[in-house]
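Novice: So that we are looking at the same thing, I have put the structure below in structure tokens.
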Amino acid sequence: MDKNIKILIVDDFSTMRRIIKNLLRDLGFTNTEEADDGTTALPMLQTGKFELLVTDWNMPGMQGIDLLRHVRADENIASMPVLMVTAEQKKEQIVEAAQAGVNGYIVKPFTAQTLKEKLEKIFERLNA
Amino acid sequence: MSNDALVNEDNLARARDLQACIKADDEKGTKEIIDDLTDIRENALYQEVGKLTRELHDAISAFGMDDRITDMTHHDIPDARQRLNFVITKTADAADRTLTAVEESIPICENMEQQAVSILESWRQFTQREMDAEGFRKLSKEIDGFLLTQSEGFSTLKGHLNDVLMAQDFQDLTGQIITRVINLVAEVEGNLVSLIKVAGLAEHHEQPQEKSRQELEGPAVPGVDSGDTVSGQDEVDDLLSSLGF
């Protein structure tokens, strides 16, 4: 697993961004940037410098699910792995995210261990 | 014959007159009698509407909620909004203070950990008599520096732990505020139910419209049914693997 990859963290709450950022740093991923919703995140992603997207679902402006769809629709970044970290627990929504092409789905509140496992799983599949 | 609003001797007389006029081919007379009857009918209707309006007004007044509802809309609800905003500010502030304390503590821990690992290595060499005098001088200097950073580091860490402790003071305040807002919501609910009863709409339960797909459910709350949800990460993983993930 390459720990130097650039990761974008998208959440409307700054505390959640800080928590994810600290957990990622603890796992060795220090190369992170933040955005507070899909509208600000998308142009950042389109620069092509990010290799992983960690996003919330429910945000003002553009929601996480729409950000995911935009990423999958843009051929330059379509293959970027996307990990969703959200409080949305409806089965219907989890299925919707899966159909939109999410690579991992974590429900809040979550543990450092869960984040680690999901990231490992994502990279395992990428390298397979 | 009864003396109701419509069934009475006067109307019977009008009916006979109307029959006579029609038989006599009296267009003008027929029209006058029909106009009279229409007026009588409309008056009765207006009286009935007036009566209903008065009854509704009396019921609402007797219910004694005019003032309380006005008070709630003008004061309590904006007040509750302000209080809930305060809860958001307080909790965000507590989270920020805690995160700052943690973020500042981690490098101190990492630094102490690194130094301890390095000293431990040298110490092992020393106990196994693999160290010369020069090495030992270096080690004792290292231990000296380590003890100094430790005492400084621990005092800073203690300060940060205290910050984390103090940041929890929001719980008491937000708990009280939320309790008050819950009480207000209960009161509003009670009044709405009574209002529905006064308006006689209790039997007309309309099915609530299905939520639009755009509306997200948000965090699951124990005891609140929010439909077909999973309860935790394990169920998410099961669901996704059942979809071939």
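Novice: Mean-square fluctuation check for chain B, GNM, Cα pairs under 10 Å: which of B:ALA94, B:ALA24, B:ALA199 is largest?
Specialist: Checking each option, the largest mean-square fluctuation is seen for B:ALA24.
Novice: Can you compute the charge dipole magnitude of chain A about its Cα centre, using +1 on each Lys and Arg Cβ and -1 on each Asp and Glu Cβ, nothing else charged? Give it in debye, rounded to the nearest 20.
Specialist: With Lys and Arg at +1 and Asp and Glu at -1, about 340 debye.
Novice: Which residue, A:GLN99, A:GLN46, A:GLN63, has the most motion in a Gaussian network model of chain A that connects Cα atoms within less than 10 Å?
Specialist: Highest fluctuation of the listed residues: A:GLN99.
Novice: Separate question: Please report the carbon-and-sulfur percent of the accessible area for the protein assembly as shown; probe 1.4 Å, protein heavy atoms only, DNA, RNA and ligands left out. Mind showing how you got there, number by number?
Specialist: On the way: 13090 of 24260 Å².
Percent of accessible area from carbon and sulfur atoms in the protein assembly as shown: 54.
Novice: Could you work out, residue by residue across A:10-16, how many beta carbons of other chains sit within 10 Å of that residue's beta carbon, and then give the average as an integer?
Specialist: Average per residue, whole number: 2.
Novice: Which whole-number percent gives the relative contact order of region B:53-161, counting Cα pairs below 8 Å spaced six or more residues apart?
Specialist: Relative CO of region B:53-161 lands at 33 percent.
Novice: Quick check: from the Cα gyration tensor, does region A:77-125 come out rounded (a/c under 1.5), prolate or oblate?
Specialist: The shape class here is oblate.
Novice: Here is a further query. If the elastic network links every pair of Cα atoms under 10 Å, which of A:ASN103, A:ASN76, A:ASN58 fluctuates the most in the Gaussian network model of chain A?
Specialist: Among A:ASN103, A:ASN76, A:ASN58, the largest GNM mean-square fluctuation belongs to A:ASN76.
Novice: Right, something else. Please tell me the relative contact order of chain B in percent, rounded to the nearest whole number, where contacts are Cα pairs under 8 Å and at least six residues apart.
Specialist: The value is 20 percent.
Novice: B:GLU142 to B:LEU45: extension gain in nm, 0.36 nm per residue of separation minus the Cα-Cα distance?
Specialist: Working: separation 97, 0.36 × 97 = 34.92 nm, distance 10.28 nm.
Additional length available on full extension: 24.6 nm.
Novice: Only helical DSSP H runs with n ≥ 4 go in: add -39500 (n - 2.57) per run for the protein assembly as shown, normalise by residue count and round the 222 nm mean residue ellipticity to 500 deg cm²/dmol.
Specialist: -22000 deg cm²/dmol
Novice: Same structure again: Of all GluC sites (Glu not before Pro) in region A:1-83, which ones are in loop regions per DSSP and have a Cβ with at most 13 other Cβ atoms within 10 Å? Could you put the intermediate results ahead of the total?
Specialist: Numbers: sites: A:GLU33, A:GLU34, A:GLU51, A:GLU75; in loops: A:GLU51, A:GLU75.
When the GluC sites (Glu not before Pro) of region A:1-83 are filtered for loop state and at most 13 Cβ neighbours within 10 Å, A:GLU75 remain.
Novice: Would you please name the trypsin sites (Lys or Arg not before Pro) within region B:62-153 that are DSSP coil residues with at most 12 other C-beta atoms within 10 Å of their C-beta?
Specialist: For trypsin sites (Lys or Arg not before Pro) across region B:62-153 that sit outside H, G, I, E and B with at most 12 neighbouring Cβ atoms in 10 Å, the list reads B:ARG129.
Novice: Shape of chain A from its Cα gyration tensor (a ≥ b ≥ c, root eigenvalues): rounded if a/c is under 1.5, otherwise prolate when a/b > b/c, or oblate?
Specialist: rounded
Novice: Within 10 Å of each candidate Cβ there may be at most 12 other Cβ atoms; applying that plus a DSSP loop requirement, which GluC sites (Glu not before Pro) in region B:101-133 survive?
Specialist: Those satisfying the criteria are B:GLU130.
Novice: Same structure, new question: Averaged across A:91-97, how many Cβ atoms of other chains sit within 10 Å of each residue's Cβ atom?
Specialist: Going residue by residue through A:91-97 and averaging, the value is 5.
The values are calculated or read from the model by the stated rules, or taken from the named source; none is laboratory data. Bear in mind that the values here come from a model prediction, so they are computed numbers and not experimental data. Methodologically, a virtual Cβ is constructed for each residue, glycine included, from the backbone with ideal geometry; neighbour enumeration extends over all protein chains shown. Quick note on the areas: whole protein, heavy atoms, side chains included, nothing else; ligands and nucleic acids left out. Shrake-Rupley method; radii C 1.70, N 1.55, O 1.52, S 1.80 Å.
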